[in-house]
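This report refers to the structure that appears directly beneath it.
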Amino acid sequence: MKILMIDSLQVNYVEHGEFDGLRDDGCEVKVTCTPTPGQLAWADGIVAFHSVKVDSVLLAQASRCRALVKATTGVDDVDMTALRAKGIRFANIGQVGVEEVAEHSLALVLLAQRRLLDYFQHTLLGGWCWRECGTQAPGGLLKPCNETVLGVLGYGAIGQAVARRAAAFGYQLKFHDPAFAHCPDGVAQACSFEALLAQADILTLHLPLTSATHHLFNERNLARIKPGAVLVNTSRGGLIDSDSLLRALDSGQVSQALLDVVEHEPAILPALRTHARVALTPHAAFCSQRSLSTLKARALGTLLAMLEKTPSVTANKRWPQDQEGDAHV
């Protein structure tokens, strides 16, 4: 079997020489970030990593391809109609890095909780007085965790892992997820989407990107959140309309935005990248030595199983539009 791995142009998930060549099981693997028509036509199976768009143009050139694995949790950049039309079997890799994303999310929550952005900026400019460094910025005075409502939007594996960790800090935990009328683990209180926006001091997002959730945080919904609330996003950048977020930040409606994912990344609006109350991390929440190796091994193993016609791993279907409630990789 001939396997083509299409690595990300943004960041190399595959180390140089890690997979290229003939394997002991007789499979031949090629790795590229810029597949040629010849390489696509050569492949019996394809692994596509994050930011690789699986569209009709790519699939039209994959004349031999019988199976394709997207090495991501989300499938928002996959043309499912084109896959079905060509009869190509498809799978994503399910949840990878759940604990890592939960830890990264909570780190951003705590950074916001203690207004560390303000302190960092203040001391960087030579200051050394907490009264002068934004502790009375939008959102009011600093509060302890047990007086803070942490809202978790999307209560899949990652959302639940965030809630379990946040409970240890004493947060007042509330969540919304259409799959759950009641909290499955007893950690948080279920509420409506509208109530979550109105009550959360810090709101952390753990949703897939679908037609239903694209720009969920637009002008209208950002105006409905608690004034001065903090927004944390480690799922999909397209959940938030960047222009609307900038206006909400400038007005004080949103006091801080801590984002691991941004729409159209890495082409981020300069005003967002440099905003004093925005902290960005480079789509890194999933990353650890363990999660990276698991990601690659599961992607290749799933593809080989599909090509051998053994039962395949398919995308979970819990949130609307055929995607699971958490998304990151």
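Evaluated over the Cα positions of the chain, the convex hull gives a direction-averaged projected area, one quarter of its surface, of 17.7 nm². With both residues required to sit in the chain, DSSP beta bridges show an antiparallel share near 5%.
Per q in 0.21 Å⁻¹, report the Debye log10 I(q)/I(0) for the range 1-44, using one uniform scatterer on each alpha carbon and no solvent. So the normalised log intensities work out to -0.67.
Its relative contact order, with pairs defined as Cα atoms under 8 Å and 6+ residues apart, puts the range 145-235 at 32 percent. Averaging Cα coordinates gives a centre for the range 83-132 and one for the range 1-39; these two points are 30 Å apart. Relative to its Kirkwood radius, the Cα radius of gyration of the range 97-216 gives an Rg/Rh of 1.02.
Relative protection proxy for 294-305, 99-110, 267-278, from highest mean packing down: 99-110, 294-305, 267-278 (other beta-carbon atoms within 10 angstrom).
Eigenvalues of the alpha-carbon gyration tensor of the range 226-300, scaled by 5 and square-rooted, set the equivalent ellipsoid semi-axes at 28, 12, 10 angstrom, largest first. At q = 0.18, 0.22, 0.27 Å⁻¹ the log10 of I(q)/I(0) for the range 23-92 amounts to -0.65, -0.98, -1.43, computed by Debye summation with a single uniform scatterer per C-alpha, solvent ignored. For the range 96-135, the equivalent ellipsoid derived from the Cα gyration tensor has semi-axes of 29, 9, 5 Å, listed largest first. Of all the C-alpha pairs in the range 4-125, what % are more than 18 Å from each other? For the range 4-125, the share of Cα pairs beyond 18 Å comes to 62 percent.
Compute the long axis of helix 98-113 from its Cα atoms, compare it with the longest principal axis of the Cα atoms of the chain, and write down the angle in degrees, 0 to 90, nearest 10. That helix lies at roughly 20 degrees to the long axis.
Read-outs throughout are calculated quantities, based only on the coordinates presented, and are distinct from any laboratory measurement. Given the structure is predicted, the values throughout are model-derived calculations rather than measurements. Methodologically, a virtual Cβ is constructed for each residue, glycine included, from the backbone with ideal geometry; neighbour enumeration extends over all protein chains shown.
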